[in-house]
Amino acid sequence: MTIELDSSSMRLPLPDSVSLTGQLVNHFIDNVATRDTHLGDAISGDIATVTKKCLEIGDGISAGRNVSEQLRWFSAAAAGWAREGVPIDTVLRAFYEALRVSVDVMCAPDAAYDRDALIDRLRMTMAISNLMSTTMIDAYLREYRGVVSEHLTAVRALTSALLAGRATAPMARNCGVSVADTYRVLALSIPRDLDDHEPPIDNAIDARRRLRRVHTALAQHRDDALAMLSIGGGTVLIPGGTSDDTRLDSLIEVLSHAARVDISATMIIAGTDDIPDAAQRAHELLDVVGRLGYAPRLYRFEDLALEYQLTRPGPGLATLGQLLTPLDAHPDLFRTLQVLIANDMNRQRTARILHIHTNTVNYRLHRIAGLTGLDATHTAGLWQLKSAVIARAFELARSSQRFAEGPAAHAPRGRLERIRPPTLRNQ
């Protein structure tokens, strides 16, 4: 490759390349490599070769020669740094440090330069810097994307195998991830953003952007997490067996902030062999959270043990649901009861969500007591009403699904299939 320069006067010879190479190598060893061991370890063996090639490129550009061969070598070297895991900012700092030292050597303080000569030197330096830095960055990023893609593919395969109960030690070694004895299995729901966009943004594009932000935030805050996520949510595996780790609550808040929607999550602790069943149960709990309209946050199994048990199939489920049959003709009463229970019997918050007065909530509770014989102001009545609301939500859902899908409703379903819960952004 030849760089065309505007003025032949730019083609000024560089100082003796052997002498300059020695100065740059000594400067690198004494200053740059000692401050940044990443770069020093990666290229300490060929530092003189790298320096010599860079000087050849600079000299070739200044003389108008074709430097394609040297650039190909430089590009391959940059790709090698990417494979070695040397951070690109470290490489760039070393490059510009070497460029600065070269400029200091070429423009000695005791030398006299006229204005045109200084401008020529500046232009030459900019041309060398532009060509070499773009060549290096392009090669580095191409290789880095390939390395990252291979790693993500391997990690995703391991995560999928763990969720299916097929993970092996060789598979884990191949992707550089050690398999833990226990995991916190999280089921996540990422709701659709209900806010209107101006101008309108394609929903699919917006969802993919949201998912990328969630992946980035998860990697930044839990680099040991294994995730299988789609635009609607998914499963995250975090090594460890502590259920009361408050950092997990903070993690869900961080992910919600990154997604710009309120994420709901449930967690089950399981051994490696029990991950498939734990993931199934975690998503069943997430379904409970969504159907009952609970506020988005992280729920542990003990938080939802009652709701989970009440939603299991059996004669008790139907019997509990029938307690609210008198409310079938009064959907406003059932909705009030549902929102009230979802908000931990907070009448002010319930009134705000339903856009009614608190006295109206009290009035409707009296009507519910008159129709069902269950008084929410008494402990026994409240327990029965809460249990009935939970059971009815799932019994009605199953009935409507059987009606809508017919025989297909009884077909086997995927282990991680779930229904996306609604959001309660304004609570």
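Which condition number in (1) under 35 Å from the mean Cα position of the chain (by Cα); (2) farther than 30 Å from A161 by Cα; (3) of a type in the set (A, V, I, L, M); (4) surrounded by 15 or more Cβ atoms within 10 Å (Cβ to Cβ) is the one that L306 fails?
Unmet for L306, out of (1) under 35 Å from the mean Cα position of the chain (by Cα); (2) farther than 30 Å from A161 by Cα; (3) of a type in the set (A, V, I, L, M); (4) surrounded by 15 or more Cβ atoms within 10 Å (Cβ to Cβ): (4).
Could you pull out the residue among D206, D224, D202, D196 that is touching a Pro at 6+ places or on another chain (Cβ under 7 Å) and either at pLDDT 85 or above or assigned by TED's automatic domain parsing to the domain that holds A270 (or both)?
Step by step, each of D206, D224, D202, D196 is checked, and only D224 is touching a Pro at 6+ places or on another chain (Cβ under 7 Å) and either at pLDDT 85 or above or assigned by TED's automatic domain parsing to the domain that holds A270 (or both).
Among the numbered criteria (1) crowded, with 17+ Cβ neighbours inside 10 Å; (2) under 21 Å from L158 (Cβ atoms); (3) in contact with a helix residue (DSSP H, G or I) (Cβ under 7 Å, 6 or more places away or on another chain), which one does H221 miss?
(1)
Does any residue of segment 345-368 turn out to be crowded, with 16+ Cβ neighbours inside 10 Å, within 30 Å of Q280 (Cβ to Cβ) and in contact (Cβ under 8 Å) with a residue 60 or more places away in the chain?
So far as segment 345-368 goes, no, none of its residues is crowded, with 16+ Cβ neighbours inside 10 Å, within 30 Å of Q280 (Cβ to Cβ) and in contact (Cβ under 8 Å) with a residue 60 or more places away in the chain.
Hey, can you tell me all the residues within segment 121-151 that are acidic (D, E) and at pLDDT 75 or above?
D138, E143
Look through segment 249-296, keep the residues that are polar (S, T, N, Q) and crowded, with 22+ Cβ neighbours inside 10 Å, and return whichever of them is nearest to L237 (Cα to Cα).
By that ranking, first place goes to T266.
Applying the selection to segment 163-179, what residues are surrounded by fewer than 17 Cβ atoms within 10 Å (Cβ to Cβ), at pLDDT 75 or above and under 26 Å from L211 (Cα atoms)? Walk me through how you get there before you give the answer.
To start, the set of residues in segment 163-179 that are surrounded by fewer than 17 Cβ atoms within 10 Å (Cβ to Cβ) comprises 164-166, 168-171, 173-174, 176, 178.
Keeping just the survivors that are at pLDDT 75 or above gives 164-166, 178.
Within segment 163-179, A164, G165, S178 qualify.
What about L337, is it part of a helix (DSSP H, G or I), within 19 Å of L292 (Cβ to Cβ), free of Cβ contacts under 8 Å to residues at least 40 places away in the same chain and not aromatic (F, W, Y)? Don't jump to the end; show me each part of the working.
Numbers: part of a helix (DSSP H, G or I): yes; within 19 Å of L292 (Cβ to Cβ): yes; free of Cβ contacts under 8 Å to residues at least 40 places away in the same chain: no; not aromatic (F, W, Y): yes.
No.
The values are calculated or read from the model by the stated rules, or taken from the named source; none is laboratory data. Remember, predicted model here, so these are calculated numbers, not experimental data. Cβ coordinates were reconstructed from backbone atoms using ideal geometry, including for glycine residues, and neighbour counts include every protein chain displayed.
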